Each structure stands twice: as C-alpha cells, then as structure tokens.
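*Asks:* Structure in structure tokens, see below.
The values are calculated or read from the model by the stated rules, or taken from the named source; none is laboratory data. These numbers come from a predicted model, not from an experiment. Don't worry about glycine lacking a Cβ; one is built from the backbone with ideal geometry, like all the others, and counts go over all protein chains shown. Only protein heavy atoms, including side chains, enter the accessible area calculation; ligands, DNA and RNA are left aside. Shrake-Rupley method; radii C 1.70, N 1.55, O 1.52, S 1.80 Å.
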Amino acid sequence: MVSKFPVIVGHEATGIVESIGEGVTTVQPGDKVIPLFLPQCRECNACRNPDGNLCIRSDITGRGVLADGTTRFTCKGKPVYHFMNTSTFTEYTVVDESSVAKIDDAAPPEKVCLIGCGFSTGYGAAVKTGKVKPGSTCVVFGLGGVGLSVIMGCKSAGASRIIGIDLNKDKFEKAMAVGATECISPKESTKPISEVLSEMTGNNVGYTFEVIGHLETMIDALASCHMNYGTSVVVGAPPSAKMLTYDPMLLFTGRTWKGCVFGGLKSRDDVPKLVIEFLAKKFDLDQLITHVLPFKKINEGFELLNSGQR
C-alpha cells in the first residue's frame, strides 16, 4: 500500500482506549477496541449504501494524516506520517473515531487483532463479496493467512468442494485443516491451471479467489472460474503502479470479476459481530497464527512473511 515516509506502519491490532478527544461518543477510556484501517463514517455514499464499505475517509492513496489533515507523530521536531488511519506498530497511536470499533472485553487481544484485517478480509471475500452459495465449488489461489480465511468463509457458506492452490506444498496441511477438500500445486502440471481445474471439477468452478496480489494469478483465477456463470474475486492487494492486460473475452462470456477491500465488510458494524462469533467458537483463529515474536524481532517476522514460512 502507498504511504508517505517517514511512517509508522502496522494496521492490525487490539488496544485499550487511553483517552478521548472532544465530541467522541462511541468509545470511552478503558474500552477494548480494534483500530480500523478501513473507517466507517456512516455518512458518505459508500457507508450509507448497504453494498458499500469503502468509506470516503479511507487512506488508500497514502495521505498519511488524520481526517483533520494533521499528523500526530513527530520525531526530532519533524512530522512522521500515519499508515492506513491506524499506525499500530507503536505503544500509543491516535485514530479518528470512525477508525475504531469497540469489542467485547472478553476477547483475547493477541488473537482478535487478526479481525482487524487478515481474517475479515478473507472470510468476508467469500461470504459477503463473493456470496458463495451452498453446494458450490470454490478455488483459492494462495494459502497464506488471508487465503486460509477465505477457505473458512467458503466452508461457512456451505461450499461442497474447496480447492487450495499454492506453490508451497507445506501449506497444504493447514489448508485442509481449516476446510479445503484438496490442494494442488501449479508446478505439478504443464497445462494451464485453468485447464487442470476444469478437468478436476467437470468444468464446474463457481468461485475463484486470488489471495496473492500477483497480476498473472489474477488472470489465472479469472480464467479458472466457469466462463458463463463463474465469479472471481481479487483479494490480494495488487502491486502499485502496475497495469493489467487481459483478454476481454474472459468477461464477455459472462464471468463476474470483483474486487474487495476488507472483504466487503462494514468495519465498525461488522468487526464487533465477528469478535462475538469468535468467542462463540464459530471459527478458530489459532489456525492463522504460526509464530509469536517479541516486538524487537519484528524484522524476523517480515523475513518469515517474505519467505512464505508463516
């Protein structure tokens, strides 16, 4: 995601409200909260539309400031910018009221922080954006944390067949544990992955999800869903300043190609509900946690992320 430098990054967290500014009414000091990289002002067109969620206050262009145009961080007298309205890699942060959701006090912070982005983005992509139907066949490209969350969403929606795809076979076991019915690696065949999937399913893939952020796999995912009634959802954040070229015939025959931010969910409304569902054991976030590191080892965490070992 685009950002101004210097910046305090991080966008998934759970915190406790330390103090509130004038006019804040929805949270108070002592509340357990999840900061929201996708705000919900409840007033703009996207917030007021039942199908919308990309609030006008979202900072996807990397302005790096709060709604009033200011940054609340400084270092040696110079401004340090905010990241995605949250900046969670810090002991204290300042967020707008529209960028925070109060959650149940019983929620374990080290787990429900994932509801701030990764889990919600994947789960919502299946149940809200893709609107997966019971009995359908789904294919998930990329079996990282968000990909596993897509699988959980497909399973929750009643999909009868969920195929996971990843170059790293080490990820297959966990994908199967959260609901995938089978997993394949594109390296196992010389045929295009869309042909492999068509043969596997009798040409009946209803939904595909690209959860990597690679331009090539976005097209592969589109080509892999049924040419007439298939839906393909772009979940992985695309690389900035890159353009996509594809054959328009892929869409002309009837496919639906959709994007989603935060799984199509309305952040302030849906995050507290997901926390309650987690506490009711509707889904298991433990499956998404592979390592627990102290903050001073944050660079090791990024190395694990980039090497695909998480």
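*Asks:* In percent, how large is the relative contact order of the chain, given Cα pairs closer than 8 Å and 6 or more residues apart?
*Replies:* 18
*Asks:* To continue, here is another question. Tell me the relative contact order for region 121-261 as a rounded percent, counting alpha carbon contacts under 8 Å between residues six or more apart.
*Replies:* Here the relative contact order equals 23 percent.
*Asks:* Please identify the DSSP H helices in the chain that span no less than 30 Å along the helix axis (Cα) and have a mean Kyte-Doolittle hydropathy of 1.6 or more.
*Replies:* none
*Asks:* May I ask you to give the percent of accessible area on region 1-80 that is carbon plus sulfur, with a probe radius of 1.4 Å?
*Replies:* 53
*Asks:* Hey, rough spin-label estimate for residue 60 and residue 215, points 7 angstrom out along Cα→Cβ, what's it come to in nanometres?
*Replies:* Going from the residue 60 label point to the residue 215 one covers 1.9 nm.
*Asks:* Accessible area of residue 303, 1.4 Å probe, to the nearest 10 Å²?
*Replies:* 120
*Asks:* Okay, moving on. From the phi angles alone, apply the Karplus equation (6.51, -1.76, 1.60; θ = phi - 60°) to region 130-144 and give each ³J(HN,Hα) in whole Hz, x where the residue is Gly or Pro.
*Replies:* x, 6, 4, 9, x, x, 7, 9, 10, 10, 10, 8, x, 10, x
*Asks:* Heavy atoms of the protein only, probe of 1.4 Å, neighbouring chains included. What is the accessible area of residue 247 in Å², nearest 10?
*Replies:* Rounded to the nearest 10, that gives 90 Å².
*Asks:* Right, here's the next one. Using only Cα atoms, locate the centre of region 68-109 and the centre of region 258-310, then give the distance between them in Å, rounded to an integer.
*Replies:* Using only Cα atoms to place each centre, the spacing works out to 18 Å.
*Asks:* I've got another one for you. Loop-only check: which trypsin sites (Lys or Arg not before Pro) in region 213-285 are DSSP coil with at most 10 other Cβ within 10 angstrom?
*Replies:* Answer in residue order: 242, 281.
*Asks:* Restricting things to alpha carbons, find the Rg to Rh ratio for the chain using the Kirkwood radius for Rh.
*Replies:* So for the chain, dividing Rg by the Kirkwood Rh gives 0.98.
*Asks:* So, one more: Based solely on its DSSP helices, what 222 nm [θ] is calculated for the chain when runs of n ≥ 4 H residues each add -39,500 (n - 2.57) and the sum is averaged over all residues, nearest 500 deg cm²/dmol?
*Replies:* Mean residue ellipticity, 222 nm, calculated: -7000 deg cm²/dmol.
*Asks:* Okay, moving on. Protein chains only, probe 1.4 Å: how do 143, 215 rank by accessible area, largest first?
*Replies:* So, going from the largest accessible area down, we get 215, 143.
*Asks:* How much accessible surface does residue 291 have with a 1.4 Å probe, in Å² rounded to 10?
*Replies:* 90
*Asks:* Probe of 1.4 angstrom, ligands and nucleic acids ignored: what's the accessible area per residue over region 207-307, in square angstrom?
*Replies:* Normalised by residue count, the accessible surface of region 207-307 is 57 Å².
*Asks:* Another question about this same structure. Considering only the chain, what is the antiparallel percent among its DSSP beta bridges, to the nearest 5?
*Replies:* 30
*Asks:* Would you mind classifying region 121-261 by shape? Square roots of the alpha carbon gyration tensor eigenvalues, ordered a ≥ b ≥ c; an a/c under 1.5 is rounded, otherwise it is prolate if a/b is larger than b/c and oblate if not.
*Replies:* Rounded shape, in that the Cα axes give a/c under 1.5.
*Asks:* Still on this structure: Run down the lysines and flag those whose C-alpha is under 25 Å from the C-alpha of residue 282, throwing out any fewer than 8 positions away in its chain.
*Replies:* Of all the lysines, those that pass the test against residue 282 - Cα under 25 Å, at least 8 places apart if same chain - are 32, 102, 111, 128, 131, 133, 155, 171, 174, 266, 273.
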